[in-house]
Amino acid sequence: MKIAIIGGGLAGLTAAAYLTENPHVEGTLFERSPQLGGRAFTYEKAGFTLNYGAHAIYGIDRHTLSSMEHELRLTFSSKQVDKRKVVYSKGNHLTTAPLDAINLLTTDLLSTMQKVRFVGDITAIIANIHNLKNYNTLGDYFEASKADDDVKELWEHLVCSNFFIAPEDARHVSGAVISEYYHNLFLSTKPVNYVLGSWSVITNQLKQKIMTSEQWEIAMQESVEELRYEDQKFILQTKNRKQAFDKVIFAMPVQQVIKFLKGTAWEPFLAPYESNTATEVMIYDVGLSQVVARPFTYISDMDNKIFITDVSATDHTLVPEGGQLLQAIAYLKDHFDSEEQRKTYLDDKNAQIEALFDRHYPGWRVVTAVKRVSKKAMVSSVKNVITNKLLPTRIDHVPFYFCGDGCEGKGELAERAFSSARNVALSIVNEVHEALQKV
């Protein structure tokens, strides 16, 4: 069976790596850009390793990446973020984030009775009987709940942090999605971890696994321009070649899939996903030649909806000796009345981030060795709110497979890319196995 995979991000690399395990499958991975990894792309500058966006792994011991580690024989190390040094800022006041029992007891965000209510919510979610899953959205749950505003605000903020969406969107996340996500996270013994060495440690191993297979090829900077069906084969056309395949896997954002299939017989079946919106944030990275301050590993500003991570406090491999790598992320709203309003809004966010750096990391400007600002970075191709619809890995009447962070799968962000790609690959392998049984 000959497979074409379009897209060399986390999902495309994962699907190809799994398919190399089967001797009856061969294929080509097409990537239009000069590098693999997609939004998990990593590069080095002045001794600092920079990721295009956040790369924390939530619940790594219950994560699809742990399954991949064993099944694909990946080798990597990870380190847990120090929960005692995760803080929230509200009204110029700092307090520990209520991530577990100890932090909850010491946090100033909630009163004693509020803590009791919050613990009750968490306990019920762990038991998987929480009422939240019976509500259409978090907002609907709030309307029916007797919880006070502080508890609601805290839940809203937690959802913002884990789903990487703006506060105004948090109330539109499905109650069932939130319940399932936190049920999994609260049962984890390693709630927030970093893969030491960043995403490149994973993507390089996936790439190596594909390249060492004699039956697979990686076609870099080769964009698929046309796809048609002839003689029971899918014919893919690029600038360099025309090639026939038995199956095609789209491993790219749903917005690109819809654009690619526009005008084909399959376009109408993708109509339900045309209005999907992406999750976008502002990312501000600074690499410092020395550690200017290390009061905490993560601070979330509840007033400005910005958080700063001292990435190097957890992963020392990303910085030169004695250096410090800080990453600020600001949640962004989607809609603006004009381009001028959008520019002003982004300039204000940039100023807010720098003010937070000034407050918590005084002297950072003087020792900045590397600075990078991404004013509109896509975190997830489909924002997981009730008005959006995640793309299934298979669609009726459409002969292709789909995988990526905008597809149906386990978890959020990168895990959904991993899990959907793994599901697609194992589905194809199973299909090959069934065909062989009939021979």
*asked:* I need the calculated FRET efficiency for the pair Lys79 and Ala355, taking r as the beta carbon distance and R₀ as 25 Å, to the nearest 0.05.
replied: 0.25
*Local electrostatic count, His316, Cβ distance below 14 Å [Lys/Arg +1, Asp/Glu -1]*: -2
*Cα-based reach from Lys2 at 18 Å (exclusive), listing lysines while leaving out same-chain residues under 8 positions away*: Lys209, Lys233, Lys242, Lys247
_Cα→Cβ-extended label distance, 7 Å offset, between Glu44 and Ala271, nm_ = 5.2
*At a probe size of 1.4 Å, how large is the accessible area of Met211, to the nearest 10 Å²?*
110
*Work out the length of the dipole vector of the chain about its Cα centre, built from +1 on the beta-carbon of each Lys and Arg and -1 on the beta-carbon of each Asp and Glu, and round it to the nearest 20 debye.*
540
*Got a number for carbon plus sulfur as a percent of the chain's accessible area, 1.4 Å probe?*
49
_For the pairs Lys45/Lys383; Lys85/Lys383; Lys90/Lys152; Lys262/Lys383, flag any whose C-alpha to C-alpha distance is greater than 25 Å._
Lys45/Lys383; Lys85/Lys383
*How many angstrom separate the Cα center of the stretch 249-271 from the Cα center of the stretch 10-38?*
20
*asked:* Under 19 Å between alpha carbons, and skipping anything fewer than 8 positions from Lys376 in its own chain: which lysines qualify?
replied: Lys305, Lys333, Lys343, Lys349
*Computed accessible area, His316, all protein chains, 1.4 angstrom probe, square angstrom*: 130
*Search the structure for amide H atoms under 5 Å from the amide H of Phe48, placed 1.01 Å from N in the peptide plane, and list their residues when 5 or more places away or on another chain.*
none
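What is the Rg over Rh value, at two decimals, for the chain, using alpha-carbon atoms and the Kirkwood definition of Rh?
So for the chain, dividing Rg by the Kirkwood Rh gives 0.98.
Please work out the FRET efficiency for the pair Lys333 and Glu214, using the Cβ-Cβ distance as r and a Förster radius of 51 Å; give the result to the nearest 0.05. Each step should come with its number before you reach the end.
Details: r = 50 Å, r/R0 = 0.98.
It comes to 0.55.
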_If DNA, RNA and ligands are ignored and the probe is 1.4 Å, what is the ranking of Leu196, Leu356, Leu187 by accessible area, most exposed first?_
Leu187, Leu196, Leu356
*Solvent-accessible area per residue, Å², over the chain with all protein chains present [probe radius 1.4 Å]*: 44
*Sequence of His183, His93, His335 from largest to smallest accessible area, 1.4 Å probe*: His335, His93, His183
*Return the calculated 222 nm mean residue ellipticity for the chain, to the nearest 500 deg cm²/dmol, obtained by summing -39500 (n - 2.57) across DSSP H runs with n ≥ 4 and dividing by the residue count.*
-10000 deg cm²/dmol
*Take the alpha-carbon centre of the stretch 399-439, take the same for the stretch 352-383, and report the distance between them in whole Å.*
36
*asked:* Taking θ = phi - 60°, what integer Hz values does the Karplus form 6.51 cos²θ - 1.76 cosθ + 1.60 yield along the stretch 154-164, in sequence order, with x for Gly and Pro?
replied: 5, 4, 4, 5, 4, 5, 4, 5, 8, 9, 6
*Dipole of the chain, positive end: most advanced residue of Val366, Gln255, Leu436 [Cβ charges, Cα centre]*: Val366
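Using 1/(1 + (r/R0)^6) with R0 = 25 angstrom and r between the beta carbons of Glu321 and Leu94, what's the FRET efficiency to the nearest 0.05?
On the way: r = 29 Å, r/R0 = 1.18.
Result of the calculation: an efficiency of 0.25.
Which value, in debye to the nearest 20, describes the size of the charge dipole of the stretch 250-396 about its Cα centre when Lys and Arg Cβ atoms bear +1, Asp and Glu Cβ atoms bear -1, and nothing else is charged?
That gives a dipole near 200 debye.
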_Qualifying lysines (Cα of each under 18 Å from Cα of Lys146; at least 8 residues distant if same chain)_ = Lys115, Lys133
_Among Gln232, Gln290, Ile306 the positive-end extreme of the charge dipole of the chain (Cβ point charges)_ = Gln290
*Obtain the nm distance between the two label points defined at Glu226 and Ser188 by a simple spin-label model: each point lies 7 Å from its Cα along the Cα-to-C-beta direction.*
4.6
_Using +1 at the C-beta of Lys and Arg and -1 at the C-beta of Asp and Glu, which of Asn204, Phe163, Tyr345 has the Cα lying farthest in the positive direction of the dipole of the chain?_
Asn204
*What accessible area, in Å² to the nearest ten, does a 1.4 Å probe give for Arg84?*
100
*Restricting things to alpha carbons, find the Rg to Rh ratio for the stretch 301-397 using the Kirkwood radius for Rh.*
1.08
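With a 1.4 Å probe and all protein chains in place, put His70, His157 in order of accessible area, largest first.
In descending accessible area the options line up as His70, His157.
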_Bridge type composition, the chain - antiparallel percent by DSSP, nearest 5_ = 70
*Computed magnitude of the charge dipole of the stretch 175-284 (debye, nearest 20; Cβ of K, R +1, Cβ of D, E -1)*: 220
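The values are calculated or read from the model by the stated rules, or taken from the named source; none is laboratory data. Keep in mind it's a predicted model, so treat the numbers as computed, not measured. Neighbour counts run over all protein chains shown; Cβ positions are idealised from the backbone, glycine included. The area values use the complete protein model at the heavy-atom level, side chains included, leaving out ligands, DNA and RNA. Shrake-Rupley method; radii C 1.70, N 1.55, O 1.52, S 1.80 Å.
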